[in-house]
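S.K.: Okay, handing you the structure first.
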């Protein structure tokens, strides 16, 4: 289930978040980064969408896409294909496949550059790997990133942590990841090279930890992976919830949050977490950022029937 203990820091966002973890200062060996171009001066670019969270500058950065078959192997597992097709058709979408976008989030403020997830890089199941160029088009070099926040260890979220030659892609960044998720990565033989490369920069945390004072708090959303984490990002009275893989598809996951998704390690828990998060987001009109919804992944949800509807927009 989604775990959201109380904290005044993010009361406006989630109504109840804990602030019991430790905070991590910006790495001492990193100079304050040069500011990306402001909204007024930045050239238009199809892989960048700039916006603000209070005083924080933010940008959705396109990394790529994932196309999945509509054959009950991923979404609506155990249900007739026609059920998923009906949802897609009602939304005016093709019924033969489901497309997921991939867009890590960049946030700048208080002399730090924060990156939430790192895209798929060369993962075989995705058409990814555009993040490095998107970063540069946004006026940021990878070495300027001070903090990387990982929602979980799936390849479309951690793939960009390494360069093509296996070196750390963000050599000066602290890599924040839930302790349970880090333990799972360390236990996975397929992630041995990744673990060895990033281990010196990893900073683990427990659910509810305040990771950047006044700005970033970890929010556990259970079921997808052992330490799957959303992030509450705040500045003054404004907030954004980066939902990670709490939900994948902007129609199926939202309208039918109780349907089984094959990616979820503990499907019943993930389904309950997803519904609880969507209900809270609808009740409180939370501003959400979904890494897999259509670019740029910004919007809100509203209750609709027994489910919810995604309302895109900044």
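S.K.: Could you list all residues from segment 234-247 that are in a loop (DSSP other than H, G, I, E, B) and crowded, with 24+ Cβ neighbours inside 10 Å? Spell out how you get there, then give the answer.
M.R.: Residues of segment 234-247 that are in a loop (DSSP other than H, G, I, E, B), as a first pass: 236-237, 243-247.
243, 244, 245, 246, 247, listed by residue number.
S.K.: Related question: Could you list, in sequence order, the residues of segment 124-158 that are part of a loop (DSSP other than H, G, I, E, B) and either at pLDDT below 95 or closer than 16 Å to residue 105 by Cβ (or both)? Let's see the steps before the verdict.
M.R.: From segment 124-158, those part of a loop (DSSP other than H, G, I, E, B) are 124-126, 128-130, 138-141, 145-146, 150-154; that's our starting set.
128, 130, 138, 139, 140, 145, 146, 150, 151, 152 - these are the residues of segment 124-158 that are part of a loop (DSSP other than H, G, I, E, B) and either at pLDDT below 95 or closer than 16 Å to residue 105 by Cβ (or both).
S.K.: Would you mind finding the one in 236, 223 that is in contact with a helix residue (DSSP H, G or I) (Cβ under 6 Å, 6 or more places away or on another chain) and farther than 18 Å from residue 118 by Cβ? It would help to see each step written out before you state the result.
M.R.: Values: 236 fails: in contact with a helix residue (DSSP H, G or I) (Cβ under 6 Å, 6 or more places away or on another chain).
Only one candidate qualifies: 223.
S.K.: Let me ask another. So, residue 195, is that one under 22 Å from residue 245 (Cβ atoms) and in contact with a strand residue (DSSP E or B) (Cβ under 6 Å, 6 or more places away or on another chain) or not? First the steps, then the outcome.
M.R.: On the way: under 22 Å from residue 245 (Cβ atoms): yes; in contact with a strand residue (DSSP E or B) (Cβ under 6 Å, 6 or more places away or on another chain): no.
Criteria not met by residue 195.
S.K.: While we're looking at this one, here's another question. Quick check on residue 43: is it in a loop (DSSP other than H, G, I, E, B), over 24 Å from the mean Cα position of the chain (by Cα), farther than 25 Å from residue 257 by Cα and at pLDDT below 95? Spell out the reasoning first.
M.R.: On the way: in a loop (DSSP other than H, G, I, E, B): yes; over 24 Å from the mean Cα position of the chain (by Cα): yes; farther than 25 Å from residue 257 by Cα: yes; at pLDDT below 95: yes.
Judged against the criteria, residue 43 is a match.
S.K.: Out of 207, 213, 189, report the one residue that is farther than 25 Å from residue 122 by Cβ and exposed (fewer than 15 other Cβ atoms within 10 Å of the Cβ). Quick ask: steps written out before the conclusion?
M.R.: Details: 207 fails: exposed (fewer than 15 other Cβ atoms within 10 Å of the Cβ); 189 fails: farther than 25 Å from residue 122 by Cβ.
Step by step, each of 207, 213, 189 is checked, and only 213 is farther than 25 Å from residue 122 by Cβ and exposed (fewer than 15 other Cβ atoms within 10 Å of the Cβ).
S.K.: Additional query: Every residue in segment 198-213 that is in contact with a strand residue (DSSP E or B) (Cβ under 6 Å, 6 or more places away or on another chain) and either assigned to a helix (DSSP H, G or I) or within 14 Å of residue 157 (Cα to Cα) (or both), please.
M.R.: Passing the criteria: 198, 201.
S.K.: Scan segment 224-252 for residues that are under 15 Å from the mean Cα position of the chain (by Cα) and more than 24 Å from residue 110 (Cβ to Cβ) and jot them down.
M.R.: 224, 225, 227, 228, 245, 246, 247, 248, 249, 250, listed by residue number.
S.K.: Take residue 149 and decide whether it is closer than 26 Å to residue 101 by Cβ, surrounded by 20 or more Cβ atoms within 10 Å (Cβ to Cβ) and within 17 Å of the chain's Cα centre (by Cα). Steps first, answer last, please.
M.R.: Values: closer than 26 Å to residue 101 by Cβ: yes; surrounded by 20 or more Cβ atoms within 10 Å (Cβ to Cβ): yes; within 17 Å of the chain's Cα centre (by Cα): yes.
Answer is yes for this residue.
S.K.: Now for a different question. If you check 253, 246, which single one turns out to be in contact with a helix residue (DSSP H, G or I) (Cβ under 6 Å, 6 or more places away or on another chain) and modelled with pLDDT of 95 or more? Before you say what the answer is, go through the steps one by one.
M.R.: On the way: 253 fails: in contact with a helix residue (DSSP H, G or I) (Cβ under 6 Å, 6 or more places away or on another chain).
Result of the check over 253, 246: 246.
S.K.: Let me ask something additional. Can you name the condition, by its number, that residue 275 falls short on among (1) surrounded by fewer than 21 Cβ atoms within 10 Å (Cβ to Cβ); (2) touching a residue at least 24 places away in the same chain (Cβ under 8 Å); (3) under 29 Å from residue 185 (Cβ atoms)?
M.R.: With respect to (1) surrounded by fewer than 21 Cβ atoms within 10 Å (Cβ to Cβ); (2) touching a residue at least 24 places away in the same chain (Cβ under 8 Å); (3) under 29 Å from residue 185 (Cβ atoms), residue 275 is out only on (2).
S.K.: Another question, then. Tell me the residue from 24, 96, 72 that is surrounded by 14 or more Cβ atoms within 10 Å (Cβ to Cβ) and either closer than 26 Å to residue 304 by Cα or modelled with pLDDT of 55 or more (or both), please. Break it down stepwise before answering.
M.R.: Details: 24 fails: either closer than 26 Å to residue 304 by Cα or modelled with pLDDT of 55 or more (or both); 96 fails: surrounded by 14 or more Cβ atoms within 10 Å (Cβ to Cβ).
Being surrounded by 14 or more Cβ atoms within 10 Å (Cβ to Cβ) and either closer than 26 Å to residue 304 by Cα or modelled with pLDDT of 55 or more (or both) holds for just one of 24, 96, 72, which is 72.
The values are calculated or read from the model by the stated rules, or taken from the named source; none is laboratory data. Predicted model only: the values in this text are computed from it and were never measured. Positions of Cβ are backbone-derived with ideal geometry, glycine not excepted, and every protein chain shown enters the neighbour counts.
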